Amino acid sequence: MKITKRILALVLILAVSFVIYGCQSDGDAGGSDMSETMKRIKDTGKIIWGTNAEFPPFELRSGDKVIGVDAEIAAKVAEKLGVELEVVDMEFKGLINALNSKQIDFIAAGFTIEPDREEQVLFTDTYFRAVQTIIVQEGNTEIKGAADLEGKTIGVQSGTTGDFTAEEYTEDIVRFNNALEASIDLKNGRLDAVIIDNLPAQMIVSENPGLVLLDEKAAEDEEYALAVRKEAVDLQKVINEVIAELKADGSIENWVEEYSLSLQD
Ligand code: ARG
């Protein structure tokens, strides 16, 4: 009899603690493992994309809209999350700060993975391989390759990998808010060269007779990815799924072609 009572008591204690434990872990589910960022996205029903829309074919303005390859990717991210997409078009060099001060939820801006940036943001998987190219005036006999950039006046978009690349060659760097302004100064002879990513460079050259691209590249290849806050690991995972799908079904390649062509005519 005594033993039966003891067993009963034990069973009861076990049962009660099981219920309590069960409740606790239930209450936590979806809480502790969801990032603050993801919670806010779900609560507000929107996700905020930060970019600098002066970088065709990845992002450019069309009326009051931002279009381009990154705009397509951003739309797919919002769709996957089932929320609205809001875009903030800002200075390129302000993007990381805007992300970490929560003005935006992610960066998609032809944004290159780079060690310095990796310390400040969480990059997703990559979706495009790019390279820094050199634009000069047609008929320039002095600058034929990267080595000739030594000590020259080079125009760049401020805070970009083109800017960092130029630092390898010269101290005479003119920093612009966008590459188009740089190319105007190149045309006017105020700069010797402009260093910028290959696709925007191609667009600039095709739209500006008198400017040409050198065959030799200014640096090693680089990779574009989206970026989120360090804590937003769950958002990074969702974006990686989207990128994997868009790479697999050829969407990214198609958009690159589509936006490069549509801008050329
Ligand atoms: N890929 C270069 C970088 O990450 C340039 C990107 C410029 N992007 C833009 N949307 N303006 O630094």
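None of the figures in this text is laboratory data; all of them are computed from the coordinates on show. Values in this document were obtained by computation on a predicted structure and should not be read as measured data. All Cβ positions, even for glycine, are placed from backbone atoms using ideal geometry, and neighbour counts span all protein chains on display.
Below, the figures for the structure above:
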| read-out | value |
| --- | --- |
| 28 Å Cα-Cα threshold exceeded, pairs from Lys102/Lys217; Lys42/Lys247; Lys144/Lys187; Lys46/Lys93 | Lys102/Lys217 |
| Rounded to 10°, Cα long-axis angle of helix 2-28 versus longest principal axis of the chain | 20 |
| Derived scalar couplings ³J(HN,Hα) [region 79-86; Karplus, 6.51 cos²θ - 1.76 cosθ + 1.60; whole Hz; x for Gly, Pro] | 4, 4, 7, x, 10, 6, 9, 10 |
| Two-site label geometry, Glu142 and Asp221: point separation in nm, points 7 Å out along Cα→Cβ | 3.4 |
| Positive-end extreme of charge dipole, region 151-190 - chosen from Gly189, Ile173, Gln157 (charges on Cβ) | Gly189 |
| Pairs of alpha carbons in region 120-213 whose separation is greater than 20 Å (percent) | 31 |
| Inter-probe distance in nm under a simple model that places probes 7 Å from Cα toward Cβ, at Lys237 and Glu79 | 2.3 |
| Amide H contacts of Gln157 (H built 1.01 Å from N, under 5 Å, at least 5 apart or other chain) | Asp163, Phe176 |
| Longest exposed-site-free window of the chain, the sites being trypsin sites (Lys or Arg not before Pro) in a DSSP loop that have at most 16 other C-beta atoms within 10 Å | 1-101 |
| Highest-MSF residue in the chain out of Ala74, Ala147, Ala109 [GNM, Cα springs under 10 Å] | Ala147 |
| Sum of -39500 (n - 2.57) over DSSP H runs of 4+, divided by residues of the chain (222 nm, nearest 500) | -13500 deg cm²/dmol |
| Residues Asp43 and Ile184, FRET efficiency given R0 of 51 Å [Cβ-Cβ distance, rounded to 0.05] | 0.70 |
| Pairwise label distance in nanometres, Glu119 with Asp33, each label 7 Å out on the Cα-Cβ vector | 3.3 |
| Ratio of the Cα radius of gyration of the chain to 2.2 N^0.38 Å, where N counts its residues | 1.37 |
| Size-normalised alpha-carbon gyration radius of region 50-95, reference 2.2 N^0.38 Å | 1.11 |
| Local electrostatic count, Met90, Cβ distance below 12 Å [Lys/Arg +1, Asp/Glu -1] | -3 |
| Positive dipole terminus of the chain, leading residue within Gly210, Leu226, Trp255 (C-beta point charges) | Leu226 |
| Extended-chain gain in nm, criterion 0.36 nm per residue less alpha-carbon gap, Val212 and Ser62 | 51.4 nm |
